[in-house]
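One structure is given below, encoded as structure tokens.
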Amino acid sequence: MLADSLPLVILSNAADEQIHGNVDKLGAPFHSVFTAEQAQAYKPRLQAFEGMLDQLGCGPQDILHVSSSLRYDLIPAHDLRVENEVYVNRGYEQSTPYYGYHEVSDLAGLPPLLGL
């Protein structure tokens, strides 16, 4: 399980009252869960990402950002200079290699990409 090797964090556009049910359905232990309600900003606004980094006490160079949304996640993370990004391409958005992310077709491709 990926959570055995890395602390997993969620940054969601969900409300506080909604997120816990969503997290429970994922069935993985999460280190932290952050919502748009807490940040008082919805992604793709950078305020949501900056608030998460502040609360985690780290910088953009310290995280691996994984998402299936280029517009709402990977592009703003790129703008914040997150160096390690993975795009889970589920076929909803066209790949945009300019942003320098690694690409997998589903989360099963993540551990081999990380050497786990």
Sequence-distant or interchain residues sharing an amide H contact under 5 Å with PHE34, placed H: which? ILE10, LEU11, SER12
Compute the length gained on full extension between HIS20 and ARG81: take 0.36 nm times their separation in residues and subtract their Cα-Cα distance, giving the result in nm to one decimal. 19.0 nm
Rounded to the nearest 500, what is the 222 nm mean residue ellipticity of the chain from helices alone, with -39500 (n - 2.57) per DSSP H run of 4+ residues and division by all residues? -8000 deg cm²/dmol
Is the shape of segment 2-114 rounded, prolate or oblate, going by the alpha carbon gyration tensor and its root eigenvalues a ≥ b ≥ c, with a/c under 1.5 for rounded and a/b larger than b/c for prolate? rounded
Contact order normalised by length for the chain, with contacts defined as Cα pairs under 8 Å and 6 or more residues apart; what percent is it? 17 percent
Take the Cα of LEU116, step 7 Å along the line toward its Cβ, and report every residue of segment 6-33 whose backbone nitrogen sits under 11 Å from that point. 6-9, 29
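Each reported figure results from applying straightforward, stated rules to the coordinates on display, with no laboratory input. Everything quoted here is computed from the prediction, not taken from an experiment. When we count neighbours, we look across all protein chains shown, and the Cβ atoms used for this are built from the backbone with ideal geometry, even at glycine.
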